[in-house]
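Below: one structure, written as structure tokens.
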Amino acid sequence: MDLAERIRRIPDFPKPGILFYDISTLLIDPALWRETIDRLAEAAAGWRPEYLAAIESRGFLLAAPLALRLGIGFVMVRKLGKLPGTVVSHSYDLEYGSDTLQLADGLLEPGRRVLVVDDLIATGGTARATVELLGKVGAEVAGALFLIELEGLGGRDRLGVPSRALLRFPA
Ligand code: AMP
């Protein structure tokens, strides 16, 4: 099955000049989605993670079935103000302004081996911030796994941990 071909491309979303890679066309097809999760599970297993950490919100769609398949847990990394209880925060710069990611405090014991998961890496800013956030709670970040990597944006170099993507597209 050709996953790359089946991902829907939407020009000028969310703003002019951005080509949006939409995984809805994988999610709607159970055979295709199973193949996606199977292939991600194969890639993830090499890292021997104890937990997955997934980035809101499409990262959750990948991480939930992936964690089940691997027989490990997953923790949610969310945008500012979405998580209940005490949280640990990490702010990072965007092209214009800044953003904040949060993780529940005390959920993950220090020293756990964690793999970061998201649907797509572009500039790497979001994934880098997630790696730093996990560092704040004492996690050992083994690496980062993506379905899609946009090439030529330097995202992979920005992460500071080994990373892998199943598919590569031009930015
Ligand atoms: P970045 O922080 O630049 O690596 O952006 C990655 C985050 O933004 C991921 O959570 C993606 O879901 C989303 N994203 C960025 N660019 C695209 C794109 N062209 N198509 C789909 N999602 C994107």
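By average Cβ neighbour count within 10 Å, what is the ranking of 146-157, 50-61 from highest down?
Highest-to-lowest ranking by the protection proxy: 50-61, 146-157.
Can you compute the helix-only [θ] at 222 nm over the chain? Use -39500 (n - 2.57) per DSSP H run of at least 4 residues, normalise by all residues, nearest 500 deg cm²/dmol.
Helix contribution divided over all residues of the chain: -8500 deg cm²/dmol.
Regarding the range 72-171, what whole-number volume in Å³ per residue does the convex hull of its Cα atoms give?
Spread over its residues, the Cα hull of the range 72-171 gives 97 Å³ apiece.
Compute the projected area of the convex hull of the Cα atoms of the chain, averaged over all viewing directions, and report it in nm² to one decimal place.
That works out to 9.7 nm².
So what are the three principal axis dimensions of the range 32-115 from its Cα atoms, in whole Å, longest to shortest?
37, 30, 21
Along Cα→Cβ, 7 Å out, is where each label goes; now give me the distance between the ones at Arg39 and Phe20 in nm to one decimal.
In this crude label model, Arg39 to Phe20 measures out at 2.3 nm.
Stretch Arg69-Glu95 to full length: gain in nm at 0.36 nm per residue minus the Cα-Cα span?
5.7 nm
Might you report the magnitude of the Cβ-based charge dipole of the range 48-170 about its Cα centre, with Lys and Arg at +1 and Asp and Glu at -1, to the nearest 20 debye?
I would put it at about 300 debye.
What is the fewest-to-most order of Val137, Val116 by other Cβ atoms lying within 10 Å of their Cβ?
In order of increasing Cβ crowding within 10 Å: Val137, Val116.
Using alpha carbons only, how many angstrom separate the centre of the range 122-171 from the centre of the range 72-87?
For the range 122-171 versus the range 72-87, the Cα centre distance is 19 Å.
Laboratory data are not the source of any read-out in this text; all were calculated from the coordinates shown. It should be emphasised that the depicted structure is a prediction, and the values quoted were computed from it without experimental measurement. Reconstructed Cβ throughout: ideal geometry from the backbone, glycine too, with neighbour counts over all protein chains shown.
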